[in-house]
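Here is the structure we will look at.
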Amino acid sequence: MPEGSLERLREVHGRMKQELARVIVGQDEVIDQLLLAILTRGHCLLVGVPGLAKTLMISSLARTMELGFARIQFTPDLMPSDITGTELLHIDPETSARSFRFAPGPIFTNVLLADEINRTPPKTQAALLEAMVERQVTAGGEAHPLPDPFFVLATQNPIEQEGTYPLPEAQLDRFMFMVQVGYPSAEEERAILERTTGTQTAEVGSVVSADELASLQATVREVPVPDAIYDYALALSRATRVRSDTPLDFIREWVTWGAGPRASQYLILGAKAHAALAGRDSVASEDVRAIAHPVLRHRIVTNFTAQAEGIDSDQVIDRLLDEVRLGDGVAAGVPGVSPAARG
């Protein structure tokens with residue numbers, strides 16, 4: 001790891017938060033999770049009621065980076081080609097020869113804001129699947145690489161369900177984090193009123209270039225991970241699976257489906273970024289625990305029993321973090337439950 005790279009990473013992170021604070025009041029945890037995803041090349045899904053500045057937060061974040069930005073407002077009549085692009089007939093004016101040429105859609109950018117992603121049918125939602133994993137679009141039998149870096153930052157309204165199309169689990173699994181955006185405090189809401197009802201407007205400045213961002217992302221990847229932390233992340237994700245060899249009692253009672261291998265990958269990547277920003281030279285279990293909720297909450301499907309008891313996936317994760325400890329037992333396919341220290 002280059003000398004001073006972690007210091008530069010923390011400096012850029014602090015400056016980006018300062019710039020976002022010019023237009024966003026509060027929401028520190030949400031902003032931190034967005035920045036963790038950016039530093040690990042992950043995609044984010046922001047879930048919250050209208051009026052919580054989800055769209056403003058994402059567009060402002062894009063302005064802090066010297067990257068291309070595009071916004072797509074997802075609607076029921078949106079077609080896949082409206083996102084990815086389409087083949088157009090081209091006629092050469094001199095020879096009259098006809099050929100098809102690919103016209104790129106708005107997805108060919110660095111930061112894509114997918115606004116209200118659940119308002120479009122599954123056929124159109126699926127247009128993002130290949131792009132989010134392979135970072136390319138296939139059209140007319142030819143693969144078209146997307147710009148690097150590429151992030152999908154999507155928003156979703158959890159209360160208006162009429163005329164919406166819930167994202168399938170396969171699509172949700174492509175998002176590194178599901179970030180819950182809550183209401184501001186009374187003091188924060190008062191500050192919002194003062195800022196937004198006057199004549200002055202704040203501008204967000206650019207902090208980091210595309211090349212430097214790529215360097216910072218490489219720095220995050222280089223943060224070392226002890227073997228015990230790999231085992232701990234693996235134990236957490238495997239413990240969510242009711243069909244594992246030794247499921248925990250509360251998982252068997254409340255969960256239909258648990259997290260897949262991507263959860264373990266994102267737990268480690270997110271923990272690396274969290275450790276780097278916290279000033280640690282290697283990943284500790286507290287880094288894994290800090291990002292467990294946004295990584296796991298959309299990968300755990302609760303059953304009817306849990307819903308009847310008012311148990312959601314966040315409460316399942318709370319219980320999981322209490323019962324699955326840093327310890328032995330992972331190699332045998334069971335969660336470690338030893339009383340070893342968690343840090």
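Close amide-amide hydrogen proximity is noted between Arg71 and Leu113, each under 5 Å apart and 5 or more residues distant or on a separate chain (H modeled in the peptide plane; Pro and chain starts excluded).
Only four residue types carry charge here, +1 at the Cβ of Lys and Arg and -1 at the Cβ of Asp and Glu. Report the dipole size of the chain about the Cα centre in Debye, rounded to the nearest 20.
Working: 31 positive and 46 negative charges, 45 e Å.
Dipole magnitude for the chain comes out near 220 debye.
Rounded to the nearest 5, the antiparallel percentage of DSSP beta bridges internal to the chain is 40%.
Quick one: net charge around Ser99, please, counting Lys, Arg +1 and Asp, Glu -1 for every other residue with C-beta under 15 Å from its C-beta. Net of charged neighbours comes to -2.
To the nearest ten degrees, helix 5-20 and the longest principal axis of the Cα atoms of the chain are 70 degrees apart. Axis of helix 28-39 versus longest Cα principal axis of the chain: the two differ by about 70°, to the nearest ten degrees. Here the spin labels are modelled as points 7 Å beyond Cα on the Cα-Cβ line, and at Lys17 and Leu56 they lie 2.0 nm apart. A Förster radius of 22 Å combined with the Cβ-Cβ distance from Ser282 to Arg8 puts the calculated FRET efficiency at roughly 0.75.
For the range 174-248 versus the range 19-77, the inter-centroid distance based on Cα atoms is 11 Å. On the beta carbon distance between Ser81 and Asp249, with R0 = 56 Å, the FRET formula returns roughly 0.70. Positive contributions from Lys and Arg (+1) and negative ones from Asp and Glu (-1), summed over other residues with Cβ under 12 Å from the Cβ of Thr75, come out at -3. Each Lys and Arg Cβ is given +1 and each Asp and Glu Cβ -1; about its Cα centre, the range 224-323 then shows a dipole of about 400 debye. Taking the longest Cα principal axis of the chain as reference, the axis of helix 227-239 is set at about 80 degrees. Amide H contacts under 5 Å for Gln136: Ala131, Leu146, restricted to partners 5 or more places along the chain or on a different chain, H placed in the peptide plane at 1.01 Å from N.
Net charge within 12 Å of Arg63 by Cβ-Cβ distance, Lys/Arg positive one each and Asp/Glu negative one each, not counting Arg63 itself?
Values: positive: Arg22; negative: Glu19, Glu66, Glu203.
My count for the surroundings of Arg63 gives -2.
Read-outs throughout are calculated quantities, based only on the coordinates presented, and are distinct from any laboratory measurement. The shown structure was predicted, so the numbers you read here are calculated from the model rather than taken from an experiment. Cβ atoms come from the backbone with ideal geometry, glycine included; neighbour counts cover every protein chain shown.
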